Amino acid sequence: MGKQVYKRNGDKVEFNGDKIRVAVSKANEEVEKGDKVTPEQIEEIVKYVENSKKKRLLVEDIQDMVEKKLVEFNKYELSKAYMLYRYERSLIRKANTTDESILSLIKNSNKDVAEENSNKNATIASTQRDLIAGEVSKDLTKRILLPEKISKAHEEGILHFHDADYFLQPIFNCCLINIKDMLDNGTVMNGKLIESPKSFQVACTVTTQIIAAVASSQYGGQSVDLKHLGKYLRKSHDKYMNKYTEKYGDKLSKKVIKELVDDRLRSELSSGVQTIQYQINTLMTTNGQSPFVTIFLNLDKDDEYIEENAMIIEEVLKQRLEGIKNKQGVYITPAFPKLIYVLDEHNNLTGGKYDYLTKLAVKCSAKRMYPDYISAKKMRENYEGNVFSPMGCRSFLSPWKDEFGNYKFEGRFNQGVVSINLPQIAIIANKDEKKFFELLDERLELCKEALMCRHHALLGTLSNVSPVHWQYGAIARLEPNEKIDKYLKDGYSTISLGYIGVYEMTKLMKGVSHTTKEGKEFALKVMNTLRNACEKWKKETGLGFGLYGTPAESLCYRFARIDKEKFGSIKDVTDKGYYTNSYHVDVREKIDAFEKLRFESEFQTISSGGAISYVEIPNMLHNIEAIEEVVKFIYDNIQYAEFNTKSDYCHVCGFDGEIEIDDNYEWVCPNCGNKDKSKMNVTRRTCGYLGENFWNAGKTKEIKARVTHL
């Protein structure tokens with residue numbers, strides 16, 4: 001084997017003397033005749049480099065040796081010309097790439113940026129400021145902040161370095177807000193002290209203010225456990241009871257006073273929940289969108305405020321079922337807050353005390369697509385007996401104990417995500433399993449290096465960067481100018497390895513789906529390899545690596561598009577235009593809801609850093625009983641699942657079949673002909689895309705084909 005040269009992107013290639021000949025010849029053209037080197041001297045330079053004792057050469061080593069020989073030949077001007085040539089090539093590699101993307105964004109013609117986050121309206125000036133900053137961040141991240149081999153791997157679809165538009169700043173991904181600490185002990189926002197609330201209504205207002213402040217200083221989602229509001233609902237109850245007893249105690253019976261208190265409490269409960277719903281949907285964070293917040297609805301049997309929390313959950317579900325009016329006055333499904341409802345022994349539709357709440361949740365799912373469902377039973381099996389919310393982006397924390405041996409989840413966060421393209425590895429391996437796993441190991445090391453870039457970027461960050469996070473309780477109570485480093489280490493926060501396309505990978509390697517016996521065996525082997533890599537990295541670094549079944553729908557399309565351009569149209573892989581999310585069963589497979597959940601539950605267990613499964617129920621508004629049966633099944637069989645449907649809804653005529661697309665690529669109700677998008681819901685399809693994403697995408701044949709296909 002000849003001498004190996006390691007390029008700037010990390011690739012290993014054979015030494016090629018022609019590259020030296022070309023570079024020196026280019027420099028030769030820039031100097032006077034007496035300063036030029038002869039062809040013989042160029043060959044001497046090539047031989048000098050080739051015969052060097054170094055077996056492993058970097059590009060920079062070669063350039064240094066060339067310059068050394070030019071100086072030995074007393075060709076000082078040529079040496080300068082060569083150095084200038086070298087510098088110019090460096091500038092070309094690091095050239096600014098943002099001009100076109102920013103100008104096209106302002107002109108509303110940058111489709112990729114506009115569609116990357118469907119929660120942002122890319123035409124609004126305030127949002128465009130955030131997107132422009134994001135384009136600058138992506139450019140600097142690609143050219144300067146990341147090693148060239150990581151940037152190149154991202155561009156080639158080997159991996160995906162998520163959220164590069166925020167990497168320039170020392171902020172993290174998603175979190176579980178420590179709302180209990182902030183409400184009970186007070187907090188500070190915009191330099192103003194917010195004391196512990198004395199009532200439920202005020203607690204709801206403060207909670208939404210906290211959510212907005214937290215969302216403005218991070219780029220991922222936030223989750224809030226609503227059980228911490230039960231305490232404040234009781235405070236309101238006790239306040240009204242004391243007030244009415246003092247005022248009417250000698251005039252009215254205890255029964256009547258209780259009725260007055262209950263009526264007043266119900267009114268405050270409704271107003272408080274409405275405050276949360278409307279504030280979240282009308283607030284705009286500095287990121288140019290509504291807070292990407294998840295509300296966790298969990299009735300803990302050991303909670304002293306369980307009855308108050310049952311009342312709060314019921315009100316949340318009732319208001320979500322009703323919806324929020326749009327500008328035309330039509331009730332629609334709000335995008336936020338996302339709702340997650342926990343199934344436990346007392347509400348799993350088998351005669352429990354709180355089954356009435358689950359029945360209400362099912363009605364809400366049928367009409368509004370939320371809540372999602374978590375099985376407390378399965379979660380306790382997977383997370384050392386604990387039940388807790390996923391973070392806003394559906395990634396899960398690993399169990400972590402404080403110095404007193406107590407589990408802690410709230411006040412923790414995710415440092416960032418890098419996802420690996422599994423189908424691309426399978427395309428290159430071409431059914432050679434040995435080659436597949438060798439390449440997988442190489443690319444996993446690349447992913448680790450990319451993830452460590454995220455970790456190192458946060459090290460040394462001072463608490464001043466976001467006081468609401470680091471000084472006033474959302475994450476910690478640090479002093480000003482104190483470093484956040486201890487919260488980045490020892491598993492306190494997580495770092496996520498995502499993955500895309502288990503189905504396509506298996507199809508390429510084994511010729512069958514991962515739902516078959518042979519395919520499943522291979523898919524699980526790969527999944528365990530990914531999980532073992534995360535565990536290995538944990539031991540090596542002491543950091544909280546986790547395997548994350550990312551629900552990043554746009555990435556499914558990006559990887560597939562890159563691979564189609566690189567490898568052509570491959571049947572049942574790149575020809576579809578998208579890859580399946582993580583371990584999910586392909587949308588075209590004939591598999592019933594129960595079997596799909598049972599099958600995917602095994603993959604969820606391995607993907608402990610986050611996972612969700614989808615189930616499609618046709619005509620959900622007319623299939624309440626079917627949904628209830630699936631909910632019962634979820635409790636016993638899978639940790640985290642949500643419902644999809646192909647049924648859309650027209651608010652003009654009440655049609656709940658499938659909204660169609662006409663010849664002009666416009667949505668149209670087949671029953672009444674309504675074409676007003678504001679008066680219809682186009683629900684999520686099986687792949688996980690939102691109807692709103694299709695609207696934002698514009699009138700294109702690609703979108704029509706995608707919808708028709710699904």
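The values are calculated or read from the model by the stated rules, or taken from the named source; none is laboratory data. Model, not experiment: these values are computed from the prediction. Heads up, the Cβs are rebuilt from the backbone with ideal geometry, glycines too, and the neighbour counts pull from every protein chain shown. SASA here: full protein model, heavy atoms, side chains in, ligands and nucleic acids out. Shrake-Rupley method; radii C 1.70, N 1.55, O 1.52, S 1.80 Å.
At-a-glance table
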item: For the stretch 558-597: accessible area per residue (Å², 1.4 Å); result: 47 Å²
item: Model label zone, ILE624; criterion: amide N under 14 Å from point 7 Å along Cα-to-beta-carbon; scope the stretch 330-372; result: 356-368
item: Protein-only accessible surface order, largest first, of HIS154, HIS469 at 1.4 Å; result: HIS154, HIS469
item: Whole-percent carbon and sulfur share, accessible surface of the stretch 439-516, 1.4 Å; result: 49 percent
item: Percent carbon-and-sulfur accessible area, the stretch 528-614, ignoring ligands, DNA and RNA, probe 1.4 Å; result: 49 percent
item: Subset of LYS367/LYS408; LYS408/LYS483; LYS510/LYS590; LYS12/LYS434; LYS69/LYS142 violating a 27 Å alpha-carbon distance limit; result: LYS367/LYS408; LYS69/LYS142
item: The stretch 294-411, accessible surface, carbon-and-sulfur percent (1.4 angstrom probe); result: 47 percent
item: Rel. contact order, % - alpha carbon contacts under 8 angstrom, at least six apart, the stretch 306-445; result: 14 percent
item: Accessible area expressed per residue, the stretch 500-544, with surrounding protein chains retained (probe 1.4 Å, Å²); result: 41 Å²
item: Cα centroid of the stretch 366-418 to Cα centroid of the stretch 294-335, whole Å; result: 20 Å
item: Added length on full extension, which subtracts the Cα-Cα distance from 0.36 nm per residue, LYS525 to THR350; result: 59.3 nm
item: Accessible area (Å², per residue) of the stretch 210-351, counting only protein heavy atoms and a probe of 1.4 Å; result: 44 Å²
item: Only Lys, Arg (+1) and Asp, Glu (-1) charged, at Cβ; the stretch 312-436 dipole about Cα centre in debye; result: 540 debye
item: Rounded if a/c under 1.5, otherwise prolate or oblate - the stretch 347-436, Cα gyration tensor axes; result: oblate
